[in-house]
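Colleague: My questions will all concern the structure given below.
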Amino acid sequence: MNRIILSFLCALIFTQLNAQHSNLPLNHDANLIFEKEFQNTDIHTSFKPLIKSTINKKINTDSLLLSEFPNTWTNWYKRKLFSEHLIIIKGDDYKVTASPVIHFSKGKESENETNTFTNTRGFVIEGDIGKSVSFYSTFAENQAIFPNYLDAKIRKTKVVQGQGYARDFKETGFDYAMASGYVGIKPAKHFLVQFGHGKHFIGDGYRSLLLSDNAFNYPFLRIQTSFWRVQYTNLYAEMQDINYFENNGIDHYGYAKKYMSSHYLSTNVTSKLNIGIFESVIWRVNHAPGVRGFDVNYLNPIALLRPLEFSIGSPDNALVGINAKYELPLKSYLYGQLVLDEFSLNKMKSGNDWYGSKYGYQLGAKMYDAIGLENLTLQAEYNLVRPYTYAHHDPRQNYAHYNQPLAHPLGANFSEKLFIINYRKDRWVARAQIMIAKYGDKIKGDPTSYGKDIYMSTGEFEEPSGFIHAGRPSDFGIEMYQGNLTEINYLQLNIGYLINPSTNFKIDFSIVKRDLVSESDEVNTMFYSVGLKTDLFNHYYDF
């Protein structure tokens, strides 16, 4: 009864005082507590991060958190450590909270006998002003030494997966920073606008084949329109190719820019079925004087982008896709995605495996409180993406940002099986994941693109520097896993204790076993670590 009264009072207070047009954390595990309550509601869950004010009409997230982790501490220090943000400033029509962001961990990678560590210091600030304005800002400065396969990936791409440009740190480590923030405004009843620097995720699974938070942050404008059973989202973003100027000997400050215009229409077809339609175009401003500049056609918030792109005779890279979710009994649901990059039904029917049959799909299922055990969540997912999907004839217009794919971390030409178990008992948390993947990689010494690396051209292409991309091996006969056949078996186990649910601050022990076997290489990894971390963002090291 006390929890019910507490939840009601918190819901009343927050409804009256705060706009809460800020987001839930973009973190799979942190949101499990909320996701379970979204079942059997008309909340649109597929475009993330979810905005609190759109959820709180049905479920008050602050009240739910307090009901699960009551703030009964009378001592100020214990309240701040175990329940609240470090700083809380509030008045009649405003509230601001602030907390430190830390990640201090030590570990060991046994194959190479490498001592690993992460040292992160930063802050997170969130606030609501009146009924219409919210804001959010976070910053983290990091130094780290990673296990062998991550170290190799970072040295190749110059980027820590999803977290920023990697600078050398004491020869064996990396120094990198990550900042994000936005302002959220509700100008009218049916509209929400966010402008800031961050990332997004479209889907109801662990991975997304449409748009994921795998890549680094980017400047964005998000416009969300909600009415009846419909939620329509416009997303405009600026992406960067951090290697283009350097690779082509161009003396230019900063990085080459490209832009993304995306539309996502989510509809609750029935009380159990949600279908989302996605379209996106990547377009580039030519940096040469006197040629194509910023194209205002792609700012149209309603026009279908694929016909628009065709009508203006553009060379740009357009994708379309579908996301679907169907709720089942027993607090469970099925979900899936289909993405189409280039598509010709006639050529697909020919059975000749045309290279332009660029598509991918996802199938998955998720269950909360599985087998009658409260807070036990089970998830199974399968992803497959054909060769050359997300790539482009001109590599500068691929579906990528900051040397990382905007969808799946494996790029294309892969299949993947995922099994994830989450369990929470009071503040104790446990997570186990199995990932089995197969893909066709590049062949050493062969400049041909076999379809996995989306930074390679899908056809012969000459850079301004004179370098010629070899492109694909042929137009037809393109098969899954062509190239250097590679298999990955990945197992991860995490056990932790949730210290402060307001910032998802926890003690965490992690162990990872990863084995990669290809026709030319074998890389084995056994890695364990223990540490304290503020777990607000997804870090995809499972590839």
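Colleague: Taking into account only those residues within segment 516-534 that are of a type in the set (D, E, K, R) and out of contact with any Leu (no Cβ under 9 Å at 6 or more places or on another chain), which is surrounded by the most Cβ atoms within 10 Å (Cβ to Cβ)? Steps first, answer last, please.
Modeller: If we filter segment 516-534 for residues that are of a type in the set (D, E, K, R), which is where we start, we get 519, 521-522, 533.
Then drop every residue that is not out of contact with any Leu (no Cβ under 9 Å at 6 or more places or on another chain), which leaves 521, 533.
Working: 521: 11, 533: 21.
My answer is 533.
Colleague: Please work out which one of (1) surrounded by fewer than 21 Cβ atoms within 10 Å (Cβ to Cβ); (2) touching a residue at least 40 places away in the same chain (Cβ under 8 Å); (3) over 18 Å from the mean Cα position of the chain (by Cα) is the condition residue 181 fails and give its number.
Modeller: Among (1) surrounded by fewer than 21 Cβ atoms within 10 Å (Cβ to Cβ); (2) touching a residue at least 40 places away in the same chain (Cβ under 8 Å); (3) over 18 Å from the mean Cα position of the chain (by Cα), residue 181 violates only (3).
Colleague: Something else about it: For segment 139-165, which positions are on the phi > 0 side of the Ramachandran plot and in a loop (DSSP other than H, G, I, E, B)?
Modeller: Step one: list which residues in segment 139-165 are on the phi > 0 side of the Ramachandran plot, which gives 158, 162, 164.
Answer for segment 139-165, where residues must be on the phi > 0 side of the Ramachandran plot and in a loop (DSSP other than H, G, I, E, B): 158, 162.
Colleague: Here is a further query. Let me confirm something: among 206, 182, which residue is hydroxyl-bearing (Ser, Thr, Tyr) and assigned to a strand (DSSP E or B)? Please lay out each step first, then the result.
Modeller: Numbers: 206 fails: assigned to a strand (DSSP E or B).
That would be 182, the only listed residue that is hydroxyl-bearing (Ser, Thr, Tyr) and assigned to a strand (DSSP E or B).
Colleague: Hand me the list of helices (runs of 4 or more DSSP H) wholly inside segment 46-138 holding 3 or more residues that are aromatic (Phe, Trp, Tyr).
Modeller: On the way: elements: 52-55, 61-68, 76-82.
Qualifying helices (runs of 4 or more DSSP H): 76-82.
Colleague: Condition first: modelled with pLDDT of 95 or more, farther than 30 Å from residue 327 by Cβ and of a type in the set (S, T, N, Q). Can you find one or more residues in segment 177-186 that meet it?
Modeller: Yes, segment 177-186 contains at least one residue that is modelled with pLDDT of 95 or more, farther than 30 Å from residue 327 by Cβ and of a type in the set (S, T, N, Q).
Colleague: Another question, then. Could you go through segment 433-443 and let me know if any residue there is under 30 Å from residue 397 (Cα atoms), modelled with pLDDT under 95 and either among the aliphatic types (A, V, I, L, M) or surrounded by fewer than 16 Cβ atoms within 10 Å (Cβ to Cβ) (or both).
Modeller: Looking through segment 433-443, at least one residue is under 30 Å from residue 397 (Cα atoms), modelled with pLDDT under 95 and either among the aliphatic types (A, V, I, L, M) or surrounded by fewer than 16 Cβ atoms within 10 Å (Cβ to Cβ) (or both).
Colleague: Output the residues belonging to segment 498-518 that are in contact (Cβ under 8 Å) with a residue 60 or more places away in the chain and farther than 30 Å from residue 31 by Cα.
Modeller: 516, 518 - these are the residues of segment 498-518 that are in contact (Cβ under 8 Å) with a residue 60 or more places away in the chain and farther than 30 Å from residue 31 by Cα.
Colleague: Quick check on segment 93-101. Is at least one of its residues modelled with pLDDT under 95 and of a type in the set (Phe, Trp, Tyr)?
Modeller: Looking through segment 93-101, at least one residue is modelled with pLDDT under 95 and of a type in the set (Phe, Trp, Tyr).
Colleague: Follow-up. Here are some residues: 126, 141. Which one is without any contact (Cβ under 8 Å) to a residue 40 or more places away in the chain and within 22 Å of the chain's Cα centre (by Cα)?
Modeller: 141
Colleague: Let me ask another. Could you tell me which residue of segment 80-128 is surrounded by the fewest Cβ atoms within 10 Å (Cβ to Cβ), considering only residues that are closer than 30 Å to residue 512 by Cα and of a type in the set (D, E, K, R)?
Modeller: By that ranking, first place goes to 113.
Colleague: Is it true that some residue in segment 443-453 is in contact (Cβ under 8 Å) with a residue 40 or more places away in the chain, assigned to a strand (DSSP E or B) and farther than 21 Å from residue 282 by Cβ? Let's see the steps before the verdict.
Modeller: Residues of segment 443-453 that are in contact (Cβ under 8 Å) with a residue 40 or more places away in the chain, as a first pass: 443-444, 449-453.
This time we only want the ones that are assigned to a strand (DSSP E or B), so: none.
Scanning segment 443-453 turns up no residue that is in contact (Cβ under 8 Å) with a residue 40 or more places away in the chain, assigned to a strand (DSSP E or B) and farther than 21 Å from residue 282 by Cβ.
Colleague: Residues that are in a strand (DSSP E or B), at pLDDT 95 or above, touching an Asp or Glu at 6+ places or on another chain (Cβ under 8 Å) and within 30 Å of residue 534 (Cβ to Cβ): does segment 472-486 have at least one?
Modeller: no
Colleague: Is it fair to say residue 131 is within 21 Å of residue 222 (Cβ to Cβ) and either surrounded by fewer than 18 Cβ atoms within 10 Å (Cβ to Cβ) or touching a residue at least 40 places away in the same chain (Cβ under 8 Å) (or both)?
Modeller: Numbers: within 21 Å of residue 222 (Cβ to Cβ): yes; either surrounded by fewer than 18 Cβ atoms within 10 Å (Cβ to Cβ) or touching a residue at least 40 places away in the same chain (Cβ under 8 Å) (or both): yes.
When the stated conditions are applied, residue 131 passes them.
Colleague: So which residues in segment 378-432 are among the charged types (D, E, K, R), outside any strand (DSSP E or B) and either at pLDDT below 95 or surrounded by fewer than 21 Cβ atoms within 10 Å (Cβ to Cβ) (or both)? Please lay out each step first, then the result.
Modeller: The initial filter retains those residues of segment 378-432 that are among the charged types (D, E, K, R), namely 381, 386, 394, 396, 416-417, 424-427, 431.
Among the residues that remain, those that are also outside any strand (DSSP E or B) are: 386, 394, 396, 426-427.
Selection gives 394, 396, 426, 427.
Colleague: For segment 337-353, indicate whether the set of residues that are modelled with pLDDT under 65 and either more than 27 Å from residue 457 (Cα to Cα) or part of a strand (DSSP E or B) (or both) is non-empty.
Modeller: Looking through segment 337-353, none of the residues is modelled with pLDDT under 65 and either more than 27 Å from residue 457 (Cα to Cα) or part of a strand (DSSP E or B) (or both).
Colleague: Considering segment 201-221 alone, what residues qualify as being farther than 22 Å from residue 326 by Cα and not polar (S, T, N, Q)?
Modeller: Restricting attention to segment 201-221, the residues satisfying the condition of being farther than 22 Å from residue 326 by Cα are 213-221.
The answer is 213, 215, 216, 218, 219, 220, 221.
Colleague: Among the residues of segment 36-45, how many are modelled with pLDDT under 90 and not in a loop (DSSP other than H, G, I, E, B)?
Modeller: 0
The values are calculated or read from the model by the stated rules, or taken from the named source; none is laboratory data. It should be emphasised that the depicted structure is a prediction, and the values quoted were computed from it without experimental measurement. Methodologically, a virtual Cβ is constructed for each residue, glycine included, from the backbone with ideal geometry; neighbour enumeration extends over all protein chains shown.
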